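Below is one structure, written out as structure tokens, with a few remarks after it.
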Amino acid sequence: MTEHRTRGRLTHLSDPEGVAPSSGYTHVVTGTGRLAAVSGQMPFDASGELVGADDPTAQARQVFRNMERCLTAVGATFAHVMKLTYFVTDIAHVPQILAARDEFIDTARPPASTVVQVVALYRPDLLLEVDALALLSAE
């Protein structure tokens with residue numbers, strides 16, 4: 001079993017015994033501290049305008065920019081994120097979404113993740129929504 005430690009008192013277990021190794025996510029992330037739940041972020045700019053119509057990469061970058069702003073508001077960074085949940089309207093967009101995500105996270109210590117294809121999101125022009133759980137220090 002491989003164990004990695006990161007900032008924010010998180011422990012990443014990428015290959016628990018008897019579980020196939022992961023690619024691009026960590027199977028289990030644990031830690032101690034204060035939990036922050038970030039609601040599903042959508043690809044809207046600060047004025048509420050959609051960013052990247054029909055462009056999964058542009059939408060993903062905006063989603064992660066919004067998430068970064070939410071994390072900053074509570075004194076966290078992507079290094080504190082222990083779990084991401086992706087809701088996508090087309091599973092074929094996942095490689096582009098993950099490539100955009102990789103611009104924001106430490107790819108050597110990725111968070112635990114779940115990807116779900118959904119029939120629809122809040123609006124028909126949305127391609128994805130992503131929520132997060134982050135663990136901050138106890139102070």
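Would you mind stating whether V38 is closer than 16 Å to A112 by Cα, of a type in the set (V, I, T) and in contact with a strand residue (DSSP E or B) (Cβ under 6 Å, 6 or more places away or on another chain)?
It is true that V38 is closer than 16 Å to A112 by Cα, of a type in the set (V, I, T) and in contact with a strand residue (DSSP E or B) (Cβ under 6 Å, 6 or more places away or on another chain).
Do the conditions hold for A60, that is, is it under 20 Å from Q117 (Cα atoms), of a type in the set (G, A, S) and touching a strand residue (DSSP E or B) at 6+ places or on another chain (Cβ under 9 Å)?
It is true that A60 is under 20 Å from Q117 (Cα atoms), of a type in the set (G, A, S) and touching a strand residue (DSSP E or B) at 6+ places or on another chain (Cβ under 9 Å).
Search the stretch 16-33 for residues that are in contact (Cβ under 8 Å) with a residue 24 or more places away in the chain and pair each with any residue that is aliphatic (A, V, I, L, M) and in a loop (DSSP other than H, G, I, E, B) when their beta-carbon atoms are under 6 Å apart and the residues are at least 6 apart or on different chains.
H27/V19; G33/A138
Can F64 be described as in a loop (DSSP other than H, G, I, E, B), closer than 21 Å to S23 by Cα and of a type outside the set (D, E)?
Spelling it out, it is not the case that F64 is in a loop (DSSP other than H, G, I, E, B), closer than 21 Å to S23 by Cα and of a type outside the set (D, E).
Scan the stretch 126-139 for residues that are touching a residue at least 12 places away in the same chain (Cβ under 8 Å) and either farther than 14 Å from V63 by Cα or in a helix (DSSP H, G or I) (or both) and jot them down.
Listed by number, the residues that qualify are L133, A134, L135, L136, S137, A138.
What number goes with the only condition from (1) over 18 Å from G48 (Cα atoms); (2) crowded, with 19+ Cβ neighbours inside 10 Å; (3) not hydrophobic (A, V, I, L, M, F, W, C) that T114 does not pass?
Here T114 meets the rest and fails (2).
I need the full set of residues from the stretch 6-37 which are over 21 Å from A99 (Cα atoms), at pLDDT below 85 and not in a strand (DSSP E or B), in order please.
R7, G8, R9, D15
What is the residue count in the stretch 113-139 for residues that are of a type in the set (A, V, I, L, M) and either in contact with a helix residue (DSSP H, G or I) (Cβ under 7 Å, 6 or more places away or on another chain) or at pLDDT below 95 (or both)?
9
Name the residue, out of V94, V116, that is assigned to a strand (DSSP E or B), in contact (Cβ under 8 Å) with a residue 12 or more places away in the chain, more than 10 Å from the chain's Cα centre (by Cα) and closer than 24 Å to D15 by Cα.
Sole residue among the options that is assigned to a strand (DSSP E or B), in contact (Cβ under 8 Å) with a residue 12 or more places away in the chain, more than 10 Å from the chain's Cα centre (by Cα) and closer than 24 Å to D15 by Cα: V116.
Quick one: which of T77, T32, T26 is under 13 Å from P111 (Cβ atoms) and surrounded by fewer than 17 Cβ atoms within 10 Å (Cβ to Cβ)?
T77
The values are calculated or read from the model by the stated rules, or taken from the named source; none is laboratory data. Because the structure is a prediction, the values reported are computed rather than measured. Using ideal geometry, Cβ is built from the backbone for each residue, glycine included, and neighbour counts are taken over all protein chains shown.
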